[in-house]
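Read through the structure below, which is laid out as structure tokens, and then see the notes.
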Amino acid sequence: MGEDIGPAQYKAALRRFATGVTVISCVVEGQDHAMTASAFTAVSLEPPLVLVCVARNARFSAAIGASTQWGVSILGASAQSCADWLATSGRPLAGQLERVPHHRGSTGVALLDDSLATLECVTTSRTAAGDHDVVVGRVVAAAVTDLDDPLLHWMSAYHGIARD
Ligand SMILES: Cc1cc2nc3c(=O)[nH]c(=O)nc-3n(C[C@H](O)[C@H](O)[C@H](O)COP(=O)(O)O)c2cc1C
């Protein structure tokens, strides 16, 4: 059996995994909460489930615990500055979406306009996994847009799709 690896080895390997970028959002007592997240994946088709891994030391952790409904915005390349902003530690929560073009989904969550697709979810389980929680949600609404340039994250930097 191998020894545990250190954080540097873990990061060196995982930063080579290319992902899309999402913003996860919810509303708690009238206050919008939102956080950039790439640890998002599809889980199940029947029923339709997705998951997001939320750091327990992120302020969003308490927010998604307090709200069973959350939104997922699958970001387009034009949303890079929004992704940066919503990943900034300690940003003011009040008014944090004022600079982020968004609209409301049917559940009331904020969904970013610069998205290729949006989902609205209801939490079905939350499982502690190391320093993160794996939050699984049932998808209750989904929409797609005409944008077709995804925002990608690879080697700790944002990228677009290179087309022929
Ligand atoms: C590209 C990118 C992807 C990220 N993915 C995640 C993620 O999947 N889960 C997570 O908990 N934090 C993720 N983060 C970090 C959070 O966005 C960041 O820690 C959080 O917004 C800090 O806000 P806070 O001060 O309110 O806790 C990611 C950041 C970036 C830039």
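Just so you know, all these numbers are worked out from the coordinates, no wet-lab data involved. Every value quoted in this text rests on a predicted model; they were computed, and no experiment measured them. Note that we place each Cβ from the backbone using ideal geometry, even for glycine, and neighbour counts take in every protein chain shown.
Amide H neighbours of residue 15 under 5 Å, counting only residues 5+ apart in sequence or on other chains, H built in-plane at 1.01 Å?
Hits under the 5 Å cutoff: none.
Per residue of segment 145-153, in order, report the coupling 6.51 cos²θ - 1.76 cosθ + 1.60 (Karplus, θ = phi - 60°) as ³J(HN,Hα) in whole Hz, putting x for Gly and Pro.
10, 7, 5, 9, 10, x, 8, 10, 10
I need the fraction of alpha carbon pairs in the chain separated by more than 30 Å, rounded to a whole percent.
Values: 1880 of 13366 pairs.
Tail of the P(r) past 30 Å holds 14 percent of the pairs.
Give me the net charge of residue 125's neighbourhood, meaning all other residues with Cβ under 13 Å from the Cβ of residue 125; Lys, Arg count +1, Asp, Glu -1.
Around residue 125, the charge tally is +1.
Taking 0.36 nm per intervening residue step and subtracting the Cα-Cα distance, what contour gain separates residue 128 from residue 144 on full extension?
2.7 nm
What is the percent of Cα-Cα separations in segment 103-148 that go past 12 Å?
For segment 103-148, the share of Cα pairs beyond 12 Å comes to 67 percent.
Tell me, what HN-Hα J-couplings in whole Hz come from the Karplus equation 6.51 cos²θ - 1.76 cosθ + 1.60 at θ = phi - 60° for each residue of segment 154-164, using x for Gly and Pro?
7, 6, 6, 9, 7, 9, x, 7, 7, 9, 5
Among 150, 77, 17, flag the residue with its Cα farthest along the positive direction of the charge dipole of the chain, charges on Cβ as +1 for Lys/Arg and -1 for Asp/Glu.
The residue sitting farthest along the positive end of the dipole is 17.
On full extension of the chain, what length is gained from residue 155 through residue 31, given 0.36 nm per residue of separation minus the C-alpha to C-alpha distance?
Length gained, residue 155 through residue 31: 41.3 nm.
For segment 65-82, just list the computed ³J(HN,Hα) in residue order, Karplus coefficients 6.51, -1.76 and 1.60, θ = phi - 60°, integers in Hz, with x standing in for Gly and Pro.
Each residue of segment 65-82 in turn: x, 8, 10, 7, 9, 8, x, 10, 10, 8, 6, x, 4, 5, 9, 4, 5, 5 Hz.
Given Cβ point charges of +1 (Lys, Arg) and -1 (Asp, Glu) and nothing else, what value in debye, to the nearest 20, does the dipole of segment 85-164 about its Cα centre take?
Once rounded to the nearest 20, the dipole reads 320 debye.
List the pair-distance distribution P(r) of segment 77-164, using every Cα-Cα distance, as the percent of pairs falling in each 5 Å bin from 0 up to the bin containing the longest distance, rounded to whole percents.
With a bin width of 5 Å, the distribution comes to 3, 11, 16, 18, 23, 20, 7, 1, 0.
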